[in-house]
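Heads up: the structure comes next, in structure tokens.
Every read-out reported here was derived from the displayed coordinates using simple, explicitly stated rules and does not represent laboratory data. For clarity, every value in this text was computed on a predicted model and none was experimentally measured. Every residue, glycine as well, gets a Cβ built from its backbone with ideal geometry; the counts of neighbours run over all protein chains shown.
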Amino acid sequence: MRIDVLTIFPEYLDPIRAALLGKAIDKGLISVDVHDLRDWTHDVHKAVDNSPYGGGPGMVMRPQIWGDALDQVCAGDPAPRLVVPTPAGRPFTQALAHEYAAEPRLVFACGRYEGIDQRVIDDASTRMRVDEVSIGDYVLVGGEVAVLVMVEAVVRLLPGVLGNPRSAAEDSFSDGLLEGPSYTRPEVWRDLAVPEVLLSGNHRLIDRWRRDQSLERTLHRRPELLEALPEEAFDKHDRAL
Ligand code: ADE
């Protein structure tokens, strides 16, 4: 998978080369290029923003610079999927992470200030798939951290990135539920014992216990997730809860 990021703060994306993502780059599973948007400016001040038409606070990123940058970075075959992080976007979910993990090319366009002139998105949409995406209902200063979040969620799904593929398969959200608690040695710590069923060696009982923990946690913390699941997602033992 090829990933390009356009930003006025390239150094913000440095963590992309650390830890798990760095390993994926070293193994050749992904290639990542971070581009400085100011390379496409022509004036001495390298200005990327201007005041909004219609008035109001903040600044809007100018279309000419973004247009030229995207023409160059998105050129070639196949056309990439363009992702524009914005608090006004559709929610980024595990399902969208799986969609992105199946793409050969992703380009992330980081906006700052009050956003990017909308014509940039409208124009790009005539040539490629464009998603305006939000990572949550809060406002960050810019899209860079949102890109780090999305890239990490996507890249860990690629085959060969995680040591054990079951880790991704059994995540929170993979079955629409939150994952339950985990325990490791010692059996008793500060007078707190590991739930006995986990020591039983009975995998049918352990699976049932884990499923119940997932259901209970989801019911308390994210009841709307349970409500969104179809009837078929539950078995007859779930119903007893
Ligand atoms: N830029 C600023 N806030 C954001 C958010 N919540 N999600 C994605 N991009 C953003």
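Between A69, V149, Y138, whose Cα lies farthest towards the positive end of the dipole of segment 2-155 when Lys and Arg beta carbons carry +1 and Asp and Glu beta carbons carry -1, centred on the Cα centre? It is V149.
Extension gain for D238 to T184 (0.36 nm times residue separation, less C-alpha to C-alpha distance): 16.8 nm. Placing unit charges on the Cβ atoms only, positive for Lys and Arg and negative for Asp and Glu, gives segment 26-72 a dipole magnitude near 140 debye about its Cα centre.
Taking amide H as placed 1.01 Å from N in the peptide plane, L177 has no amide H partner under 5 Å among residues 5 or more places away or on another chain. Relative to the longest principal axis of the Cα atoms of the chain, the long axis of helix 203-221 lies at roughly 50 degrees. Mean-square fluctuations from a GNM of the chain, with a 10 angstrom spring cutoff on Cα atoms, peak among P104, P230, P15 at P230. Spatial offset of segment 66-127 relative to segment 208-241 amounts to 35 Å, using the alpha carbon center of each. The residue list L229, Y12, L82 was ranked by how far each Cα lies along the charge dipole of the chain toward its positive end, using unit charges on Cβ atoms, and L229 comes out on top. Dipole magnitude for segment 73-141: about 120 debye, using +1 per Lys or Arg Cβ and -1 per Asp or Glu Cβ, origin at the Cα centre.
The relative contact order of segment 170-239, computed from alpha carbon pairs under 8 Å that lie at least 6 residues apart in sequence, is 35 percent. Among R38, R190, R211, sorting on how many other beta-carbon atoms sit within 10 Å of each Cβ, with the fewest leading, yields R190, R38, R211.
Each residue in I206, I3, I121 was given a count of other beta-carbon atoms within 10 angstrom of its own, and listing them fewest first yields I206, I121, I3. Think of each Lys and Arg Cβ as +1 and each Asp and Glu Cβ as -1; about the Cα centre, that makes the dipole of the chain roughly 520 debye. Name the shape class, rounded, prolate or oblate, that the alpha-carbon gyration tensor gives for segment 61-163, where a ≥ b ≥ c are the square roots of its eigenvalues, rounded holds for a/c under 1.5, and otherwise prolate holds if a/b is larger than b/c and oblate otherwise. Note, shape of segment 61-163 comes out oblate. What length, rounded to one decimal in nm, is gained on full extension from E231 through to D207, with 0.36 nm per residue of separation minus their alpha-carbon distance? Result for the pair: 6.6 nm of gain on full extension.
Fewest neighbouring Cβ atoms within 10 Å first, the residues V83, V197 line up as V197, V83.
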